Amino acid sequence: MIQKDILQNQSHKRFNILTGEWILVSPHRTKRPWQGQQEKQAGDKRPSYDESCYLCPGNERASGDSNPQYTDTYAFTNDFAALQSKSDPFIINDGLLRAESELGTCRVICFSPDHSKSLAHMDTSGIENVVSLWQEEFRQLGSREDIRYVQIFENKGAVMGCSNPHPHGQIWAQSSIPNEVIKKDKRQKDYYENNQKSLLSDYIHQELSNKERLVYENGHFVVLIPFWAVWPFETMIIPKRQQAHIGQLSAEEKTGFADAIRFLTATYDKLFDCSFPYSSGIHQAPTDGKDYDHWHWHMSFYPPLLRSATVKKFMVGYEMFAMPQRDITAESAAQRLRELA
Ligand SMILES: [Zn+2]
């Protein structure tokens, strides 16, 4: 059994079971005064249609293409994609200089035709439409010979570098498996081979028996602050039934997933009374045709805000050079989110 007092009062490090890395926790520092930078709070009031927005229905984009008059969700290939699919593969091995071509594609996913909304304002059935589109994109992109991994994500808010407030996310699909996924693949594979169960099945079992870091639960999903969270209000949405990717969701589970997203994003908005910024993403099995029975997909939210709508956490100095560090503990953050519900 963990000695709870120690974890709330003394500096310590916590182990991330999914990546195999440690993070530093300094709970005694939360009393220090803050005199650092405050972010400007962007006004949240927006019209439901903006004629200058390149994601609103009917509007023209920089490429010259026009969006259709879509009524729920809409996906298209990014006009300024970071990954290209039509270039020749190459490998460079020049002494100690190594490079390889990376092919792929970048898709933009509009969550709603309504410019003024975010996931936090949408109902469960509206979010279910978004999940359906993620599934369809994952199926199509993942079945391509040149695609080995499909990364679904959202950057929300100017503080996360999001250039357009229209509710949307992105999918980058590429020919190799990216760093974070390689780490999580190895840890999950090792655990599965040793225990014949998925790492996250056993993890949520332990968290549900304790409930200290639990934020929300429905019949099919758990929302929690992971024990090893780096960002102050970082959370994970985890399916209770082990599944390698979102293509394996049953109809009921899909509704449960949408309900968990709705609950979490709406609760985030209440925390500091603002349209809560974050980067969220789904980690799931690669699509290179190999065996990934050990994978247990999950969605993570990394929000930058620390103590108000205008004070964010910086990952600088020690974190750039040594390891991630946090002050408020995962347990007290979970308690605050639970109390808002
Ligand atoms: Zn718009």
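The values are calculated or read from the model by the stated rules, or taken from the named source; none is laboratory data. Given the structure is predicted, the values throughout are model-derived calculations rather than measurements. All Cβ positions, even for glycine, are placed from backbone atoms using ideal geometry, and neighbour counts span all protein chains on display. What goes into the accessible areas is simple: the full protein's heavy atoms, side chains included, and nothing from ligands, DNA or RNA. Shrake-Rupley method; radii C 1.70, N 1.55, O 1.52, S 1.80 Å.
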TODO: Determine which aspartates and glutamates satisfy two conditions relative to Lys211: a Cα distance under 19 Å, and not lying fewer than 8 residues away in the same chain.
DONE: Asp5, Asp202, Glu234, Glu331, Glu339
Open item on the list: Tell me whether the chain comes out rounded, prolate or oblate; compute the Cα gyration tensor, take square roots of the eigenvalues as a ≥ b ≥ c, and use a/c under 1.5 as the rounded threshold.
Closed with: rounded
- [ ] Compute the signed sum of charges (Lys and Arg +1, Asp and Glu -1) over the other residues within less than 15 Å, Cβ to Cβ, of Ser87.
- [x] -3
TODO: Any lysines with Cα under 19 Å of the Lys184 Cα? List them, leaving off those in the same chain fewer than 8 positions away.
DONE: Lys197, Lys240, Lys290
Open item on the list: Probe of 1.4 angstrom, ligands and nucleic acids ignored: what's the accessible area per residue over the chain, in square angstrom?
Closed with: 49 Å²
Task: Total formal charge among the other residues, if their Cβ is under 14 angstrom from that of Asp123, Lys/Arg +1 and Asp/Glu -1 - done: -2
Task: All aspartates and glutamates inside 15 Å of Lys186 as judged from Cα atoms, apart from same-chain residues fewer than 8 positions distant - done: Glu21, Asp291, Asp293
Open item on the list: Are there DSSP H segments in the chain that both extend 30 Å or more along their axis (alpha-carbon positions) and score a mean Kyte-Doolittle hydropathy of at least -0.5? List them, or say none.
Closed with: 251-271
TODO: First select every other residue whose beta carbon is under 13 angstrom from the beta carbon of Asn16; then total the charges, Lys and Arg +1, Asp and Glu -1.
DONE: +4
TODO: Calculate what fraction, in whole %, of the accessible area of the chain sits on carbon and sulfur atoms when a 1.4 Å probe is rolled over the protein chains.
DONE: 50 percent
- [ ] Work the Kirkwood hydrodynamic radius out for the stretch 57-213: mean of 1/r over every pair of different alpha-carbon atoms, inverted, in Å.
- [x] 18.6 Å
Task: Relative contact order %, the stretch 172-282, counting alpha carbon pairs below 8 Å whose residues are six or more apart - done: 17 percent
- [ ] Would you compute, from DSSP H runs of 4+ residues alone, the mean residue ellipticity of the chain at 222 nm, taking -39500 (n - 2.57) per run and dividing by the full residue count, rounded to the nearest 500?
- [x] -8500 deg cm²/dmol
- [ ] Using packing as a proxy for protection, rank 143-153, 278-288 so that the peptide with the highest average count of other Cβ atoms within 10 Å comes first.
- [x] 278-288, 143-153
TODO: Mind listing the long-range amide H neighbours of Gly104? Cut-off is under 5 Å, sequence gap 5 or more, other chains count too, H placed in the peptide plane at 1.01 Å from N.
DONE: Gln84, Ser85
TODO: Using the 4.7 Å Cβ rule, please list in number order the cysteines from the chain without any candidate partner.
DONE: Cys106, Cys110, Cys162, Cys274
Task: Long-range amide H partners of Lys312 with built H, under 5 Å - done: Glu39, Leu306
TODO: Report the extension gain between Ser116 and Lys189 in nm, rounded to one decimal, defined as 0.36 nm multiplied by the number of residues separating them, less their alpha carbon distance.
DONE: 22.0 nm
Task: the chain, relative contact order [Cα under 8 Å, separation at least 6], % - done: 21 percent
- [ ] Describe numerically, in nm with one decimal, the distance between label points set 7 Å from Cα along Cα→Cβ at Glu136 and at Gln10.
- [x] 5.5 nm
TODO: Quote to one decimal, in nm, the extra length available between Asn129 and Asp293 on full extension: 0.36 nm per residue of separation minus the C-alpha distance between them.
DONE: 56.3 nm
Task: Residues Ser332 and Val311, FRET efficiency given R0 of 22 Å [Cβ-Cβ distance, rounded to 0.05] - done: 0.85
